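The values are calculated or read from the model by the stated rules, or taken from the named source; none is laboratory data. This one's a predicted model, so the numbers in the text were calculated from it and none came from an experiment. Note that we place each Cβ from the backbone using ideal geometry, even for glycine, and neighbour counts take in every protein chain shown. Protein only, heavy atoms only, side chains kept; ligands, DNA and RNA dropped before computing areas. Shrake-Rupley method; radii C 1.70, N 1.55, O 1.52, S 1.80 Å.
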Amino acid sequence: MKTNFAVKGTIKLGVLCLFFVQIGWSQNSDQQQLKNIYDAALTKGKSYDWLNYLSNQIGGRLSGSIQAQQAVNYTKQELDSMGLDRVWLQPVMVPKWVRGIPEFAYFETSPGVTTNVPLTALGGSVATPPSGVKSEIVEVKGLEELAVLGASKIKGKIVFYNRPMDPTLINTFAAYSGCVDQRYAGALEAAKYGAIGIIVRSMNLRLDDYPHTGSMSYGDLPEDKRIPAAAISTNAAELLSATLQLDPKTKFFFKQNCKLFPDVESYNVIGEIKGSTHPDEIIVVGGHLDSWDLGDGSHDDGAGCVQSMEVLQLFKQIGYKPKRTIRVVLFMNEENGLRGGNEYAKVAMEKNENHIFGLESDAGGFTPRGFSFDGPDSSFEKIMGWKDLFEPYLVHLFEKGGSGADIGPLKNERITLAGLRPDSQRYFDYHHAENDTFEQVNKRELELGAATMASLVYLVDTHGLNP
Ligand SMILES: [Zn+2]
């Protein structure tokens, strides 16, 4: 009996050892694969060259523009050259809004005494009359203050929304969220009280001379009630506010001739590596190919597109053959419609495709800090078990929260969605402005972001999730 017991004990101990050896081996091999991925990204990465082409040869890629179509052709061609199992274009109808000739604006303290103001039409805005609009200004800090003032104070005036982004918030996206209602719904609300136009302080934490555009909506306001909407730079907002303190009769003038045309056909650009053992389980990694038209959309979201392409390129580089199907999707029309994201999810649903994981990069090409996750708790717990693997790369942030606008429509009770979270301190210096250009992107930061994404995709592919 004793001997027997000892033998059994030895076997148990042996099995236990084997178990720990296996866990150890698995961790070691994961560590090694992450190192292979980061090494390849920093020495054989292609993301920076791709971004250079998108930014400097093509430029701003507003939905429905020639540049957006050029970006579709270019990225499809690059995916075609990567030796993927399948590359295709997914048609989608998108809005076509055109800025027209450059806007012009000034404020006037007494007849003929004017100060020019950097101003940009908001995306989707109507034009001013050909001779522009000019009137006294009502400055408010937000939609609530507008409602308090009401029609008696607002009718016939230009409303100036001037609530700054909160500088005390470390996550600058939270500061953006706290302000963006002025830009998005400012015209709709002011039109209800008879305003003739609105201007909004740019969504920018820094004081500078760049006006930042972005989407806005008239809701279901009839066409003849829609009023022109524009953003002015933060410096101009400060100066105008100070001037109004001294002289509340100061007048504002602006002129823009932007126009909305009927929808046009465009495409999501898609490429995939078929899974070797679970081809029906799909992992999506993506960014949005369209951008605003003022700069060249390098951070928003050229960076996210080339990083997503890089994930598949890196797997090829290190000879990793995924078990599951890894799909890169370059979504069209995130900025002013989200048509690409909606279409992709619609088609996935129609085809009954099983998406287990989605990862989006749409927060700039800055130093990666981590990820934000939206999905089942059991999957989040499993992912938290991989956190230590990212320590050597100074990637620490693993939190629950949002993911990305384009992958959002894929949400269901099983899928885990994630967003890459780069350092956000400089993002709003460039967001939707003329200075969102290639020079603002650091090559290593861009590559580290791509490697961080590829590492997470590798781990999800190798180990699966627990929905
Ligand atoms: Zn974006």
Checked pairs for segment 212-237, first over 13 Å from ILE198 (Cα atoms), second of a type in the set (Gly, Ala, Ser) and surrounded by fewer than 17 Cβ atoms within 10 Å (Cβ to Cβ), C-beta under 7 Å and 6 or more apart or across chains, list as none
How many of the residues making up segment 417-460 are open to solvent by 10 Å² or more (accessible area, probe 1.4 Å) and of a type in the set (A, V, I, L, M)? 1
Just to be sure, is ARG86 of a type outside the set (A, V, I, L, M, F, W, C) and closer than 22 Å to ARG339 by Cα? no
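With the condition kept exactly as written, say whether any residue in segment 241-264 is small (Gly, Ala, Ser) and more than 16 Å from the ligand (Cβ to nearest atom).
Kept after step one, since they are small (Gly, Ala, Ser), are these residues of segment 241-264: 241-242.
Add one more test, that the residue is more than 16 Å from the ligand (Cβ to nearest atom), and what stays is 241-242.
Looking through segment 241-264, at least one residue is small (Gly, Ala, Ser) and more than 16 Å from the ligand (Cβ to nearest atom).
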Please identify the pairs in which a residue from segment 303-326 that is assigned by TED's automatic domain parsing to the domain that holds SER55 and open to solvent by 10 Å² or more (accessible area, probe 1.4 Å) has its Cβ atom under 7 Å from the Cβ atom of a residue that is in a loop (DSSP other than H, G, I, E, B) and within 16 Å of the ligand (Cβ to nearest atom), counting only partners at least 6 apart or on another chain. none
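Does LYS411 count as more than 16 Å from the ligand (Cβ to nearest atom), over 18 Å from ASP49 (Cα atoms), more than 14 Å from the chain's Cα centre (by Cα) and among the charged types (D, E, K, R)? Lay out the reasoning, then the answer.
On the way: more than 16 Å from the ligand (Cβ to nearest atom): yes; over 18 Å from ASP49 (Cα atoms): yes; more than 14 Å from the chain's Cα centre (by Cα): yes; among the charged types (D, E, K, R): yes.
It is true that LYS411 is more than 16 Å from the ligand (Cβ to nearest atom), over 18 Å from ASP49 (Cα atoms), more than 14 Å from the chain's Cα centre (by Cα) and among the charged types (D, E, K, R).
From the list LEU62, LEU42, LEU54, which one is outside any loop (DSSP other than H, G, I, E, B) and under 25 Å from GLU343 (Cβ atoms)?
Values: LEU62 fails: outside any loop (DSSP other than H, G, I, E, B); LEU42 fails: under 25 Å from GLU343 (Cβ atoms).
Only one candidate qualifies: LEU54.
So, LEU42, is that one over 12 Å from ASP290 (Cα atoms) and touching a Gly at 6+ places or on another chain (Cβ under 8 Å) or not?
Numbers: over 12 Å from ASP290 (Cα atoms): yes; touching a Gly at 6+ places or on another chain (Cβ under 8 Å): no.
The answer is no for LEU42.
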Sort out which residues of segment 244-274 are of a type outside the set (A, V, I, L, M), closer than 30 Å to THR325 by Cα, open to solvent by 10 Å² or more (accessible area, probe 1.4 Å) and in contact with a helix residue (DSSP H, G or I) (Cβ under 9 Å, 6 or more places away or on another chain), and write them in order of number. TYR267
